[in-house]
Structure formats: C-alpha cells, structure tokens
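J.: Before I ask anything, here is the structure I am working with.
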Amino acid sequence: MLELYHFAFSTCSQKVRMVLAEKGLDFESHEVDILSGAQHDPAYVKLNPLHVVPTLVDSGTALIESTLINEYLDDAYPSVPMRPDAPAARHAIRLWTKLLDDRVHPAAPIVTFAAGPRALILQQPEDVREAAIAGIPDPEARATRRSVLEHGVHAPEFADALAAMIELIDRADAALARQPWLSGDSFGLADAAVLPYVLRLDHLAMTPLLSAALRPHLSKWYARVCARPSFDTAVARWAPDEMVQMMRGLGQEVWPDVEPLTRTTGK
Ligand SMILES: N[C@@H](CCC(=O)N[C@@H](CS)C(=O)NCC(=O)O)C(=O)O
C-alpha cells in the first residue's frame, strides 16, 4: 500500500509521480499545499522533518528525498526497471540526479517564485505569507525566499539560479545528441528527474529556451516525454489548465526582463 504526500506543481513530486506512473503503481494521494505552508504542519513534519514534499509511505514506512524515493521504487518494484544494469550506466544516471540535487533543485524555487507564484503569494494575508516563510528551516533558504518574494526577477539570486537551469538544458541537449534518453536506451530515472525542471521553464513561459532551433535534441526529447501515457497520469492530470495558463501569464509578464539574462548564459 503506497501513500504519497505531494503537491501538484512541485518538481520533486512530479518526478516521483512519473516513476510511479511508469511502473503502473497506484497510490493514495495526500496533497500538501506548500504555498499555504502546510509542509510545516507538525503532523506532516513527523513524516518529513525537512518540511518539504514529497514523502512516500510504503506499508507504514515513511521515505523522504525524491531522488532516493525513486531509487527505492526501482529497487522495491523492479518489474518495470528504470535503470540499466551496467555499473557505468548507473553511475551516469546518478550524475544527473546529483547535478539536480546539488545545483538545479536549489535554483528552481528561486526561478519559480520570482517569475510565477510570487504575484499570488503577495496577495495572501501577511500573517499567512510570513508563517510560510518563517517555517523554512534553513536560514539561507529562508532569506532567499524573502528576497525573491520582495524583488522578483530583480532579486540578486535570480540570475545565477536561471543560469543553473540553463546549464541543465544545455547539458541535456548535448547528451541527447548521443542517445535517445538521458538514462540510456529507454526512459528511466534520469529522464523522470530532469523532466520537471524542463517543464517548469515551459510553464513559466520560458518556452523559447526549449525551441528546436536552440536545443534540437532536448526539444525532441521533451515532445516524446510529453507524449508518454505516464506524463498524462503523473503531470498533466495534476496541473489544471487554468493554473498552467496563470503560470504562463505570470511568466510572460516578466519575460522581457528575463530574456536578456538568457543571452548572457548558456547558448
Ligand atoms: N531534497 C528534497 C527537496 C524537496 C523540496 O525542496 N520540495 C519542495 C517542493 S519541490 C518543497 O516542499 N518546498 C517547500 C517550501 O518551499 O517551503 C527532495 O528531493 O525531496
């Protein structure tokens, strides 16, 4: 019996849902509204002391950290394997997940909050907004969130965060010139892990960065991933059209300020 504590638009939740869907695993869904601070609820913090989503509960055992959850799922439910057997190929997959965990994931909320839900969060009552920020356990992450909510894409942290995401799509484009999937010959853990960050750029109307003219191999890969049944089950179903349109609209508003930064980094 699997239970997933997650949030519809969270990158880490999307990557775990992709693996669950690829493996045909059903789960009981518990949505945690991280925009309203539900990740700081003491009952949830007992499951996930890091105050973040996702958390997978498998037969009563709580599992945290999305990269490790996906590796766990591949070990515990191997009938649809999502990693090759060869040690070097497994190492290559872990290089992708390490890049995401070390560099890209910390950048993603900066890019997201600056370009997207910032406008919504600023409309929240101040006490709700403050409680959500105050609950972030890491002081540096807390200060960054405050800065990004205050200054949006003009926050000092924004340009480097955008550069991290662009570095990811450049690396992926180069890798996909050599092989059909980031995990090797078939869709696997690296593809599931990278997808949410590419999708995030798309949802924030930074779609020109994913164009066939600029990044042809990534562009084809993204179209193939979006056509998989798992994408529908794990991502599209959880992203109501009106929310996606709203994210895109917010992204479009800041694109004139963002676009010049995309020219000084990556391709
Ligand atoms: N390393 C963790 C990171 C999880 C994480 O940062 N989750 C985000 C959503 S993608 C979250 O819950 N953020 C809560 C917040 O921003 O306060 C993992 O991979 O599971």
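Bear in mind these aren't lab numbers, they're just calculated from the coordinates by the rules spelled out. The structure presented is a predicted model; accordingly, all values stated were derived computationally and were not measured. Every residue, glycine among them, receives a Cβ derived from its backbone with ideal geometry; neighbour counts consider all protein chains shown.
J.: What is the fewest-to-most order of Thr55, Thr233 by other Cβ atoms lying within 10 Å of their Cβ?
T.: Values: Thr55 24, Thr233 17.
Lowest to highest Cβ neighbour count: Thr233, Thr55.
J.: Could you line up Leu50, Leu168 from fewest to most neighbouring Cβ atoms inside 10 Å? Please report the intermediate quantities before stating the final value.
T.: Numbers: Leu50 12, Leu168 23.
Final ranking by Cβ density, sparse to dense: Leu50, Leu168.
J.: Let me have the 222 nm mean residue ellipticity of the chain computed from DSSP H runs of 4+ only, each contributing -39500 (n - 2.57), with the sum over all residues rounded to the nearest 500. All intermediate terms of the calculation are to be shown ahead of the outcome.
T.: Working: 13 runs with 153 residues, N = 267.
Rounded to the nearest 500, it is -17500 deg cm²/dmol.
J.: Same structure again: List the residues whose amide H sits under 5 Å from the amide H of Leu63, counting only those 5 or more places along or on another chain, with H placed 1.01 Å from N in the peptide plane.
T.: Those lying under 5 Å, H to H, from Leu63 are Leu56, Val57, Asp58.
J.: I'm checking a number: the convex hull volume of the Cα atoms of the chain, normalised per residue, in Å³. What is it?
T.: Details: hull volume 32.6 nm³, N = 267.
That works out to 122 Å³ per residue.
J.: With a cut-off of at most 16 other beta carbons within 10 Å, and DSSP calling the residue loop, which GluC sites (Glu not before Pro) in region 1-50 qualify? Please list them.
T.: none
J.: Each label point is 7 Å from the Cα along the Cα-to-Cβ direction; what then is the distance between the points at Asp75 and Leu122, in nm?
T.: Output for this residue pair reads 4.6 nm.
J.: With charges set only on the Cβ (+1 for Lys and Arg, -1 for Asp and Glu), what does the dipole of the chain come to about its Cα centre, in debye to the nearest 20? Numbers along the way, then the final one.
T.: Values: 25 positive and 35 negative charges, 167 e Å.
With Lys and Arg at +1 and Asp and Glu at -1, about 800 debye.
J.: Please turn the phi angles of region 139-149 into ³J(HN,Hα) values with the Karplus equation 6.51 cos²θ - 1.76 cosθ + 1.60 (θ = phi - 60°), one per residue in order, whole Hz, x for glycine and proline.
T.: x, 5, 5, 5, 5, 5, 4, 4, 5, 5, 5
J.: To the nearest 20 Debye, how big is the dipole of region 2-76 about its Cα centre, given +1 on the beta carbon of each Lys and Arg and -1 on that of each Asp and Glu?
T.: Numbers: 4 positive and 12 negative charges, 35 e Å.
Result for region 2-76 is approximately 180 debye, rounded to the nearest 20.
J.: Could I ask something else about it? Counting other beta carbons within 10 Å of each Cβ, put Met246, Met165 in order, fewest first.
T.: Values: Met246 16, Met165 26.
If I rank by nearby Cβ atoms, fewest first, I get Met246, Met165.
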